[in-house]
1. Would you check which residues across the stretch 14-57 are loosely packed, with under 13 Cβ neighbours inside 10 Å, of a type outside the set (D, E, K, R) and at pLDDT below 50 and list them?
2. Can you pull out the helices (runs of 4 or more DSSP H) entirely within the stretch 116-226 that have at least 1 residues that are more than 30 Å from THR424 (Cα to Cα) and open to solvent by less than 10 Å² (accessible area, probe 1.4 Å)?
3. Counting only residues that are farther than 24 Å from PRO347 by Cα and either among the acidic types (Asp, Glu) or outside the structural domain of GLY365 (by the TED database) (or both), how many does the stretch 382-421 have?
4. Quick one: which strands (runs of 3 or more DSSP E) lie wholly within the stretch 354-426 and hold at least 2 residues that are among the acidic types (Asp, Glu)?
5. Given the conditions (1) among the hydrophobic types (A, V, I, L, M, F, W, C); (2) open to solvent by less than 20 Å² (accessible area, probe 1.4 Å); (3) in contact with a helix residue (DSSP H, G or I) (Cβ under 9 Å, 6 or more places away or on another chain), report the number of the one that VAL333 does not fulfil.
6. Got at least one residue in the stretch 324-332 being assigned to a loop (DSSP other than H, G, I, E, B) and within 30 Å of ASP191 (Cβ to Cβ)?
7. Given the condition in contact with a helix residue (DSSP H, G or I) (Cβ under 9 Å, 6 or more places away or on another chain), of a type in the set (A, V, I, L, M), open to solvent by less than 20 Å² (accessible area, probe 1.4 Å) and modelled with pLDDT of 95 or more, answer yes or no: does some residue in the stretch 257-265 qualify?
Amino acid sequence: MITLVIISALIGFASTKPCDTEGSNTELLLSLNKNLLRSLESQEGLPNPSVHLALRLSNNHNLAKESEHLNRLKNELHNDIQSSLSNSQPVTGVLALYNLALKSSCYDLNTVSFTVNERSEALLTHLKNQMELEKEHIAFSHRPLTNYYQYSLGVLALCVSGIRVNNHVTNKLIKAAEHEQFKHGESESVDTYAMAGMALQCVKDSGSHMQNAAGLDTALSKIKQKLLASRRADGHIGNEFSTGLAVQALLAMGSEVAECAASMEAMRTAARSNAYHNPMAISQTLPALQQTSYMSVKSKECLTEDNTLVLEPLDPVVVSPNQVKVNVMVEVVTSSGAAALYSVHVPKGSSLLEALELLKEENVGFTFEKESSLWGPFLSVVNGEQARQSDRRYWHLSSDDTALTEGVRDFKIEAAQRITIRNTSY
């Protein structure tokens, strides 16, 4: 663990190391921007507010396509949130992202409303209500109704929208940071520390939390230390897919840390190797590489914007079937600890989802169901057993005992391996 003394020394040294994404990196940023814009044409399911937010925070725009996507958000995503609210389902995270996406387009949030029990109220009112439910859940169960990542998103969305966040709501987040409660399973969640850092920094900048200013500063210091201590030798903070949010948070918190250059270069290297092919991953990485963060939505002005981002036609890609097959062992461990082992041969380069579908088709007793998320599909039921968020459980995936950082659709099978699917609590 890096000590506070070392952290302080790094922060002091960092003042001479500003992040630089100019020059030779311009083409890479433009390519990521185009890939994100192109993803709008192939989106499955609901429109993604995180993708919209990143497009709006970018320096380059295709205003017509962004406007089309905004309309989809206001219709399809809005209706889905309306349905969840009507059924009393927690929607803190997606409601907060919807709020941020609308504000990034300078849309009048006061004109957006939802109707519950025949009572129509503004989006921001519903978000405040969701945060009250989250806060009350922490009071009697010591954890949010959803999780601290969504809780932080809610605080951030209210704050950048100019809404004074309830001191009790903020204090719950401060205490969670101080007591290191930002975890996913047994591991610390870099994503949550990053989102909490942006949320609490916004609250601090707003000057609305003076009664516990010392506690707020302590929490921000703790978060900064945690992010820096999570930096790997290759520059990534946590892993390839958490570095974007971590760098956003560090920049938002006013730091030009010595690790900034290494983390930026790590993301560029990953981008050049196509690690960020998932639109959600690009949407969190691109703002960081452009030296901005979700906090900048607060001062976003939609005036005289660039409108030069054009998508060139892509040549059709012909994929030849891969004749090389590899063996995949699939182990399923239920909540009781009972294990079942299966074997399937799949074409090299198949996604894990494709491998599981092939195994299911063999009728050897393996079954699964999946649900959609902003990151893509995830396993919800395996061999008839559910792993539900309401029960604080999920299906943890690992390959040869190494936890996967990608989902079932993105992880590729390139060699023989053992996949473990474990019903895990968090």
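The values are calculated or read from the model by the stated rules, or taken from the named source; none is laboratory data. None of these values were measured; they are calculated from a predicted model. Please note: Cβ atoms are built from the backbone with ideal geometry, for glycine as well, and neighbour counts cover all protein chains shown. Ligands, DNA and RNA are excluded from the accessible area calculation, which covers all protein heavy atoms including side chains. Shrake-Rupley method; radii C 1.70, N 1.55, O 1.52, S 1.80 Å.
1. Passing the criteria: SER15, THR16, PRO18.
2. Per the criteria, 123-141, 148-160, 190-206.
3. Going through the stretch 382-421 one residue at a time, the tally reaches 2.
4. On the way: elements: 368-371, 378-382, 393-399, 417-425.
Hits in the stretch 354-426: 368-371.
5. (3)
6. no
7. no
To keep it simple, each residue is scored yes or no on (1) farther than 19 Å from SER50 by Cβ; (2) hydrophobic (A, V, I, L, M, F, W, C).
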| position | (1), (2) |
| --- | --- |
| GLU371 | no, no |
| TRP375 | no, yes |
| ARG388 | yes, no |
| ARG392 | yes, no |
| ASP400 | yes, no |
| VAL408 | yes, yes |
| ALA415 | yes, yes |
